[in-house]
Number of protein chains: 4
Amino acid sequence: MTQVLIIYASDYGNTEKMAYAAAEGVNSVAGASAVVKKADEVTAEDMVASQAVLVGSPVHMGAVDWRVKKFIDTVCSGLWMQDMMNGKVAGVFTSGGGFGSAGGGTEIAMLSMLNNFAELGMLIVPLPKNTENYKKGGLHWGPYGRSADENGQPVGVSAEAISVAKKHGANVARTALVITGATIFAA
Amino acid sequence: MTQVLIIYASDYGNTEKMAYAAAEGVNSVAGASAVVKKADEVTAEDMVASQAVLVGSPVHMGAVDWRVKKFIDTVCSGLWMQDMMNGKVAGVFTSGGGFGSAGGGTEIAMLSMLNNFAELGMLIVPLPKNTENYKKGGLHWGPYGRSADENGQPVGVSAEAISVAKKHGANVARTALVITGATIFAA
Amino acid sequence: MTQVLIIYASDYGNTEKMAYAAAEGVNSVAGASAVVKKADEVTAEDMVASQAVLVGSPVHMGAVDWRVKKFIDTVCSGLWMQDMMNGKVAGVFTSGGGFGSAGGGTEIAMLSMLNNFAELGMLIVPLPKNTENYKKGGLHWGPYGRSADENGQPVGVSAEAISVAKKHGANVARTALVITGATIFAA
Amino acid sequence: MTQVLIIYASDYGNTEKMAYAAAEGVNSVAGASAVVKKADEVTAEDMVASQAVLVGSPVHMGAVDWRVKKFIDTVCSGLWMQDMMNGKVAGVFTSGGGFGSAGGGTEIAMLSMLNNFAELGMLIVPLPKNTENYKKGGLHWGPYGRSADENGQPVGVSAEAISVAKKHGANVARTALVITGATIFAA
């Protein structure tokens, strides 16, 4: 069984909903199985036991949530030192109020998670624009669930964004199934 | 008179409209005057003669339009070599179809212009969230005019986005008026 | 007196040394005064009382240290909600082992702090390339102190990087002195 | 035969050398074959005929060379519209003078190419830190060849950076061989 670890932090439950939708997507793929953990619960062993990792974060001030970053600094740094994750598979997703008309900082939020995975030597799975509901649920780096309306009032992430998170989970799982066992980064 | 140079490329006239709105904002500030040029018309002399520069670009594939980048590579590189723009003022704006729900790549588009200005030693003017119409016209790095609807059909940039571009032009002009003559980067 | 708040996190004392060098630079400017605080000690009142803010972070996995991000998420978010920092001045600096030949991720580390300041509506001060010792101490977004040698052995940040941090502190202070009292973001 | 298309622009031959080294790496992998083209020679047909794409660019003012961006804007935009590249494999590399101590802007240069590939729905291959010669030839997003010394004098890219480009080419080829024929982005 190919394990996909889904890691998240959440303030109001929006990123959490997307995390569980991604898990549903993973579990819909034969041979893949999702494990969902909060950022402060993840251990190095969880990472090593997984063939793929999906991380979700609220967008705070245009970058990753500090709890997710704490996981990266304290758990991933050691894995990087020891080259433990090379050739595995990674993806990201976010949610946020998105005040303004342009994602409210989700790009740098996603990139400040993706560069961690690049440092870990992991293949990065993007979100293709012909993904169903893309137009309401994401950008090229991954699913994005807008959780507030134009005026900043909380409305929760849409069903469309949830469905995109599910698709992304399945995409990451399929990539992991294809990649697992292959030697990409030969010496 | 403090000159603010506004530089743009445009495919369907959207970025151009925002450029002229920014110019209107500049000209609304006493003591400031806008000069508007297409990216392929700008010379090093135009840059040196200006106390501030605003650059606008369509978002193409999540980054700056190649015509704007050609201006940066061919005109700005030389100014950087000679430290000719240190202590001046800069800002950016973009327009784009924005397919998806999160700005369609405008952040890296804006940052791949802003880092040019950082290299030139110029102070960067952001767009505060309490700017009138911010909720329909931008993000923290500058005004963003979405030019297509959710399904990708062209609808032109909104009056709100145009008004934000005008405000940003005025903000940049006011900053230039305050900064001009000051010695910020002393030896 | 124009107050410049210098905020940092540090693991082995390198970023801390740069913070105190930046403070020395601030204090070298007549009319400016530095206050230095660790990221977990800063309050909203500290921010509001300051005309400029400099933040320094170790580079961890290509992005900002989680303790600095916690400060941003918990202290800066509220200031953003209330538009309390508009028109003030900001800068950043980092240190890091920099394994590889290209800064080891300092750009996204710096940008994931700078976009916080952009969201807060603060003017961003870059680091001009003709700054003394630039060639050993930074990049366009700010001072960078490499703290390890090519093989990853800790060597501490160089005297040159320290001197660049000092210059950057003075640049930020001078900008704050010029800007303070001016109305840049008029309604 | 799995075709890997290597695309580059070059001013002084440094990026070109890295492109041909990457091609050598591709050709060292059984079943893979490299095609090398300058950015202004690439057609949509070249892209469609390839299972993987590697793009190399000089770093100019902290972002991608305008000739590479012209290729992206004029050739890749159409492929994005038609979802023609989904599930293929991508990587990047750069060279540059790197004035300063931190890569001179290569991160945003690389990211302003990588986000194009993310938009095209392509899997992104990073550069693991245990790649031979990594310490002299790159960062997590790909190989970086510094072409000038500390004082900005041209010295050409090092043999180590060339060797990293070769490794990266082989990594991308192996990934393409594993991925080709798999259905990752199912409807």
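A short reminder: the numbers here are calculations on the coordinates, not readings from a lab. Because the structure is predicted, anything quoted here is derived from the model rather than measured. All Cβ positions, glycine included, derive from the backbone under ideal geometry; neighbour counts span all protein chains shown.
If you take every DSSP beta bridge fully contained in chain B, what fraction is antiparallel? Give it as a percent rounded to 5.
Of all bridge pairs located within chain B, approximately 15 percent are antiparallel.
Would you kindly work out, in nm and rounded to one decimal, the distances from the label point of D:T43 to those of the same position in each other copy, ordered shortest first, with label points 7 Å along Cα-to-Cβ?
The projected label point of D:T43 is separated from its counterparts by 4.0, 5.8, 7.0 nm.
What is the packing order of peptides A:53-65, A:118-130, B:28-40, taking the mean over residues of other C-beta atoms within 10 Å and listing the highest first?
Final packing ranking: A:53-65, A:118-130, B:28-40.
Each residue of the range A:54-65 in turn: what ³J(HN,Hα) in whole Hz from Karplus with 6.51, -1.76, 1.60 and θ = phi - 60°, glycine and Pro shown as x?
Going residue by residue, I get 10, 10, x, 9, x, 8, 10, 6, x, 7, 5, 4 Hz, with x marking Gly and Pro.
Applying a 10 Å radius around every beta-carbon, put A:135-142, C:158-165 in order of their mean neighbour count, most first. Present the calculation step by step, with values, prior to reporting the outcome.
Working: A:135-142: 27.0, C:158-165: 22.4.
Going from most to least packed, we get A:135-142, C:158-165.
For peptide A:166-176, how many partner chain Cβ atoms fall within 10 Å of a residue's Cβ, on average? Before the final figure, lay out each step's value.
Working: counts 0, 3, 1, 0, 3, 6, 1, 1, 6, 7, 1.
Per-residue shielding by partner chains comes out at 3.
Sorted from shortest, what are the nm distances separating the label point of D:D149 from equivalent points in the other copies, each placed 7 Å from Cα along Cα to C-beta?
Listed shortest first, these distances are 2.0, 6.3, 6.5 nm.
Taking 0.36 nm per residue of sequence separation and subtracting the Cα-Cα distance, how much length would be gained by fully extending the chain between C:A186 and C:K38, in nm to one decimal? The partial results should precede the final answer.
Details: separation 148, 0.36 × 148 = 53.28 nm, distance 3.30 nm.
In short, 50.0 nm is gained.
Computed from the mean reciprocal separation of all distinct C-alpha pairs, what Kirkwood hydrodynamic radius does the protein assembly as shown have, in Å?
Every distinct Cα pair counted, the radius reaches 24.9 Å.
Sort B:89-96, A:171-178, C:17-24 by the packing proxy (mean of other Cβ within 10 Å over each peptide's residues), most packed first.
Going from most to least packed, we get B:89-96, A:171-178, C:17-24.
Over all residues in B:93-100, what is the mean tally of Cβ atoms on other chains that come within 10 Å of each residue's Cβ?
Counting other chains' Cβ atoms within 10 Å and averaging over B:93-100 gives 4.
B:G31 label points, 7 Å along Cα→Cβ, one per copy: pairwise distances from this copy to the rest in nm, shortest first?
1.5, 7.0, 7.0
For peptide A:177-184, what's the mean number of Cβ atoms from other chains within 10 Å of each residue's Cβ?
Average per residue, whole number: 5.
Give me the net charge for the shell around D:F185: Cβ to Cβ below 15 angstrom, other residues only, Lys and Arg +1, Asp and Glu -1.
+2
Given H placed on each backbone N at 1.01 Å, which residues far from B:A34 in sequence or on other chains put an amide H within less than 5 Å of it?
Placed amide hydrogens put B:V4, B:N27 under 5 Å from B:A34.
Please give me the summed charge of the neighbours of A:G121: other residues whose Cβ is under 9 Å from its Cβ, Lys and Arg +1, Asp and Glu -1.
Charge balance in the 9 Å sphere: 0.
Just need log10 I(q)/I(0) for the range D:35-187 at q = 0.12, 0.14, 0.21 Å⁻¹, Debye formula, equal scatterers on the alpha-carbon atoms, no solvent, rounded to two decimals.
-0.50, -0.67, -1.37
What lysines does A:K129 reach when the alpha-carbon gap must be under 24 Å and sequence neighbours fewer than 8 apart in one chain are set aside?
Cα-Cα hits under 24 Å: A:K17, A:K88, A:K166, A:K167, B:K136, D:K69, D:K70, D:K88.
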